[in-house]
Amino acid sequence: MMKASILTVKQAYTGKTLKVLTMHDAGDVELMLKTAKNLHERECLPAYQRLKILQKLANLVVEEHEDFARLIANEGGKPLKDARIEVTRAIDGIHIAIAGIRNIKGEQVPMDLMQAGVQRLAFTIMEPIGVVVAVSAFNHPLNLIIHQVVPAIATGCPVIVKPAAITPLCALRFAQLAIQAGLPEGYLQVALTDRENSEKLVTDSRVAFFSFIGSAQVGWMLKSKLAPGARCALEHGGVAPLIFDEYSDMDGFIAGVVKAGFYHAGQVCVSVQRVFAPKDKAKEVAQKIADVASQLVVGDAIDEVTDIGPLILPKEVDRVEAWVNQAIAEGATLITGGKRINSVSYEPTVLLNPSNHSKVSNQEIFGPVVCVYSYFDISEAIETANSLEVSFQASIFSDNITTAMNSAKVLAASAVMINDYTTFRVDWMPFAGRKHSGYGIGGINHTMHNMLEHKMIVIKH
């Protein structure tokens, strides 16, 4: 008999063991899929029951607001002040899904537009698509679970969620609360699986919808192996561009850039990474960002004073350090930072005019690094911003609304923020990557829509 694999969850900054968990094997995966499929083949949970469950679940998360925030800070390294905001968003996300349930409805389809349709009444109803498998990421260990799991509960789909191996504790606790709120056993299962068993889970023919948040390499590979007919939504990263034009509130702009670039140590798929500024202002912009960023407190996320927590793994510090050193060797000017603090932390770093060939310019750094580039003409900045194979959210700051609107129309992005940052998001808006950055549309209401299927009923009378 093979010994069960063990997953050790560690505190992100200190490395102290938080929990030791037993991982699921191939047999467990098969049982999860069988359970979920059997539940789907029964009559769907009625809407009133789903409403009642989610309303109670929201209340239970409210009761554990601080506990969840501390769990996010400990397992994921997000500063406690930001972790609390994540929990608030998660609660709101459940309420968005509750409102969405009330809007699930079909429509009447006119039949007598041609003689062949006379004496027929037709209408559509909405049915849950089937078994949902969600693979999640570490950087929002509660709110991403809300976005991937709660739409499934709201639409009546049994869901199996595989949280990031580094941050599974929020998902496990949320699943416990869902059962406590009245969700029948088996409708939400948490899979702690290795890569091989995760692939078995995702690509099984019983899976009707696959939700993935993570690296493009893994996401596109898994999509290529999905069973025929399975729907999917993929959310990958970007190299978020922000164009600074003529904008009167420089101090407000700088404060926002620092937050948008260094939030969660830059480990967000829409973090500001590339700032384009006019040639006569680029050095000033870079220095002002550096002046504020250098004052940020880097430390253990569980400490109230911490502004920037650790990177998720020591190897990520090694990678960020290597990319920054490469950029400097290839001509970038280091304005601030540029050094590791310890095995899990890196200084907030600002670079001026890295080469377009440097990794910091053309790959998602997912670390506390902001790059500033000078441009002669805004069309040059737009062309550079659009030049990559990744495309998520973009931003332009300008007091000239014509310039802003014209730029928004030609920027290659699924969303363009005018006088706001690439990180802006509310949980009911569509959220998606273009090109290599994703597939399908996220956002709680949009995900619910994707987890439902139309069925038309035609009555001849």
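The values are calculated or read from the model by the stated rules, or taken from the named source; none is laboratory data. Since this is a predicted model, take the numbers as computed values, not measurements. Note that we place each Cβ from the backbone using ideal geometry, even for glycine, and neighbour counts take in every protein chain shown. For the accessible areas, the whole protein counts, side chains as well, though only heavy atoms, and no ligand, DNA or RNA atoms are used. Shrake-Rupley method; radii C 1.70, N 1.55, O 1.52, S 1.80 Å.
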Set the Förster radius R0 to 22 Å, insert the Cβ-Cβ distance between E41 and H449 as r into 1/(1 + (r/R0)^6), and round the FRET efficiency to 0.05.
-> 0.45
Cut-off under 5 Å, modelled amide H: who pairs with V275 long-range | L242, C371, V372, Y373
In nanometres, what is the gap between the two model label sites at K279 and A329, each 7 Å from Cα along Cα-to-Cβ?
-> 3.0
Using 7 Å Cα-to-Cβ label points, what is the Q119/D291 separation (nm, one decimal)?
-> 8.3
Length gained if D249 through N400 is fully extended, taking 0.36 nm per residue and subtracting the Cα-Cα distance, is 53.0 nm
Rounded to the nearest whole Å², what accessible area per residue is found for the chain with the 1.4 Å probe?
-> 43
The answer for S5, listing residues at least 5 apart or on another chain whose modeled amide H is closer than 5 Å to its amide H, is M23
Measure of exposure for R70: accessible area at 1.4 Å probe, Å² rounded to 10, is 100
If you roll a 1.4 Å probe over region 263-357 with all protein chains in place, what percent of the accessible area is carbon or sulfur?
-> 51
Sort the following peptides by mean Cβ neighbour count (other Cβ atoms within 10 Å, averaged over residues), highest first: 450-461, 295-306.
-> 295-306, 450-461
If you keep only loop residues by DSSP, which trypsin sites (Lys or Arg not before Pro) in region 311-354 have at most 14 other Cβ atoms within 10 Å of their Cβ?
-> K339
Per DSSP H run of n ≥ 4, the term is -39500 (n - 2.57); total these for the chain, divide by its residue number, and report the mean residue ellipticity at 222 nm rounded to 500 deg cm²/dmol.
-> -12000 deg cm²/dmol
Per residue of region 414-425, in order, report the coupling 6.51 cos²θ - 1.76 cosθ + 1.60 (Karplus, θ = phi - 60°) as ³J(HN,Hα) in whole Hz, putting x for Gly and Pro.
-> 7, 8, 10, 9, 9, 6, 8, 9, 4, 7, 5, 7
State the extension gain, in nm to one decimal, for the chain segment bounded by K200 and Q176, taking 0.36 nm per residue of separation less the distance between their alpha-carbons.
-> 6.2 nm
Would you calculate the separation in nanometres between label points at I85 and K339, each defined as 7 Å from the Cα along the Cα-to-beta-carbon direction?
-> 2.9
Work out from phi, with θ = phi - 60° and the Karplus expression 6.51 cos²θ - 1.76 cosθ + 1.60, the ³J(HN,Hα) of each residue of region 275-283, listed in order in whole Hz, and give x for Gly and Pro.
-> 10, 9, 9, x, 4, 7, 10, 4, 5
Extension length gain for T14 and N59 (0.36 nm per residue less Cα distance), in nm, is 13.0 nm
